[in-house]
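Student: Below is a structure I'd like to ask you about.
Every number here is computed from the coordinates shown, using simple stated rules; none is lab data. No experiment lies behind these values; they were computed from the predicted model shown. Cβ placement follows ideal geometry from the backbone for every residue including glycine, while neighbour counts extend to all protein chains displayed.
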Amino acid sequence: MATQTPLKPPPLTRPPEPDDGGAVVLERRTQKTKPPQLYQVVMLNDDYTPMEFVVVVIQEFFSKDLETATQIMLKIHLDGKAVCGVYSKDVAATKVDQVLEAANKAGHPLKCVSEPIEF
Ligand code: TYC
């Protein structure tokens with residue numbers, strides 16, 4: 001009876017490391033997925049929109065309580081702009097649309113923009 005030679009394992013791409021536990025890593029990949037880009041919604045000051053309207057908008061669309069909304073409004077008034085919230089791209093764009101639509105309806109020139117956050 002002819003003895004069969006056992007199948008040879010494929011050649012290693014490199015010698016096994018002492019801590020391999022017998023496993024052979026054929027290829028190491030660097031992680032490809034990045035966390036999604038976040039966007040901040042920045043509200044801008046103007047000379048005409050009433051402070052009370054801005055406070056209500058910040059409360060309603062950015063889920064802030066009265067005190068926080070008032071602080072953000074005052075920061076915009078004093079510094080020219082302030083961040084109202086940080087979101088994914090789509091949600092930030094929706095917030096901007098909601099604010100601009102509410103301002104247009106009320107006849108106020110209130111503006112806000114969304115911008116990618118830089119780290
Ligand atoms: N500057 C406005 C005023 O004095 C108030 C205001 C605050 C307007 C914030 C816009 O985003 C704004 N009536």
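Student: Percent of alpha carbon pairs in region 38-116 separated by more than 16 Å? All intermediate terms of the calculation are to be shown ahead of the outcome.
Tutor: Details: 1294 of 3081 pairs.
The proportion of pairs with Cα distances above 16 Å equals 42 percent.
Student: Provide the FRET efficiency to the nearest 0.05 for the residue 29-residue 111 pair, computing r from the beta carbons and using R0 = 41 Å.
Tutor: With a Förster radius of 41 Å, E is 0.40.
Student: Still on this model: Stretched out fully, how many nm does the piece from residue 56 to residue 88 gain, at 0.36 nm a residue minus the Cα gap?
Tutor: Net length gain for the segment: 9.2 nm.
Student: Right, next: Choose one of 73, 91, 54: the residue whose Cα lies farthest towards the positive end of the charge dipole of region 38-116 (beta-carbon charges +1 Lys, Arg; -1 Asp, Glu; about the Cα centre).
Tutor: 91
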